[in-house]
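Right, one structure below, let's go through it.
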Amino acid sequence: MVPSDEFKQAMRHLAGGVAVIATEHEGRRAGLSATAVCSVSADPPTLLICINSGASAHDPIRESGRFSVNLLASEQNDIARRFSGETGIKGEERFGLGSWMPLVTGAPVLKSALAGIDCRVTEVVQMATHSVFFGVVVGVTSRAAASPLIYAHGTYGTFSPDGAGLWW
């Protein structure tokens, strides 16, 4: 078996779009930055998210049965850093940046995100240190095209859809 630190180093080469995954449970919001988001099906629209079992948002997502996926734009790296835990800000305080609203399930959606996707949990699969949450999409918001925020090699960058390429 490959040591986990070697695996993590190899995975740093996989660039991914940055999302804030958020939920609300018993009046308290929780969220985290993630790149482990994947479209599963278009019929019915379904996503999956992979969340470390030790993450502060893990249990609230499991208990509430809902989550939002907020795809961030290039100018939102401050939000990504806040929700990654890098700034030391935790819990409800993370939502102090940006304007948030509920959609169908009540999970918080970032109004300025490239897209906000509201999901109801349909299945949870435990895999080693993480839970894979499958969610059927029950609501969506999106805004005009903009450059997405991308994470690779431990830093944030973007990809310009107008053909200008990658910027780090």
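No value in this document is a laboratory result; all are computed from the given coordinates. Just so we're clear, the structure is a prediction, and the values are computed from it rather than from any experiment. For neighbour counting, all protein chains shown are included, and Cβ atoms are generated from backbone atoms with ideal geometry for every residue, glycine included.
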If you project the alpha carbons of the chain onto the principal axes, what extent comes out on each, in Å, largest first? 45, 41, 38
Magnitude of the Cβ-charge dipole of the chain, K/R +1 and D/E -1, about the Cα centre, nearest 20 debye? 140
